[in-house]
Amino acid sequence: MVVEFEMFTEEGNEACTQAYQNIYNTIWGDKFVSENELKKLIAEQIAQVASVHPEVHDTEPEWHFVDRINMSLKNRGYNYTINRGDL
């Protein structure tokens, strides 16, 4: 299932969906992920998307990433959040 990130193309939305899924799987994995580890993973995933789809750094896609990641962190019981500066 492709999630809407308000990218210019369906391929961009697919790339964002895959990046988010990788982040989500880490959050919900067996091992606790520290804030620094997660921020590093997020930066790597966003950079990978940006290499082909630079519009990932527009306001709307970044907002969707932050909102979805923070919701996952809250639902999993983590006591930290991220912001657009972490992307």
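The values are calculated or read from the model by the stated rules, or taken from the named source; none is laboratory data. In this text, all values refer to a predicted model and were calculated from it rather than measured experimentally. These area figures cover heavy atoms from the full protein model, side chains too; ligands, DNA and RNA do not enter into them. Shrake-Rupley method; radii C 1.70, N 1.55, O 1.52, S 1.80 Å.
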The ³J(HN,Hα) series, computed from each phi in the stretch 71-81 with the Karplus coefficients 6.51, -1.76 and 1.60 at θ = phi - 60°, rounded to the nearest Hz and given as x for glycine or proline, is 5, 5, 4, 5, 5, 7, x, 6, 10, 9, 10
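Pairs of alpha-carbon atoms within less than 8 angstrom and 6+ residues apart define the contacts here; what relative contact order does the chain have, in percent? Before the final figure, lay out each step's value.
Numbers: 79 pairs, mean separation 28.0, N = 87.
Result for the chain is 32 percent.
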From DSSP H assignment alone, runs of 4+ in the chain each adding -39500 (n - 2.57), the sum over residues rounded to the nearest 500 puts [θ] at 222 nm at -20000 deg cm²/dmol
Accessible area in the full protein assembly, largest first, 1.4 Å probe, for His57, His64: His57, His64
Specify whether the C-alpha gyration tensor of the stretch 21-68 places it in the rounded, prolate or oblate class, a ≥ b ≥ c being the square roots of the eigenvalues: rounded for a/c under 1.5, otherwise prolate if a/b is larger than b/c and oblate if not. prolate
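If you roll a 1.4 Å probe over the heavy atoms of the protein chains, what accessible area per residue do you get for the chain, in Å²?
Values: 5160 Å² over 87 residues.
Computed with neighbouring chains in place, this is 59 Å² per residue.
Can you classify the stretch 41-87 as rounded, prolate or oblate using the Cα gyration tensor, where a ≥ b ≥ c are the square roots of its eigenvalues, rounded means a/c under 1.5, and otherwise it's prolate if a/b beats b/c and oblate if not? Before the final figure, lay out the partial values.
Values: a/c = 2.65, a/b = 1.97, b/c = 1.35.
It comes out prolate by the Cα gyration axes.
Classify the chain: rounded, prolate or oblate, from the alpha-carbon gyration tensor (a ≥ b ≥ c, eigenvalue square roots; a/c under 1.5 rounded; otherwise prolate if a/b is larger than b/c)? Walk me through the numbers before you get to the answer.
On the way: a/c = 1.83, a/b = 1.71, b/c = 1.07.
Because a/c hits 1.5 or more and a/b exceeds b/c, the chain counts as prolate.
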Ignoring ligands and nucleic acids, what accessible area does Met7 show with a 1.4 Å probe (Å², nearest 10)? 20 Å²
Share of the chain's accessible area from carbon and sulfur, percent, 1.4 Å? 50 percent
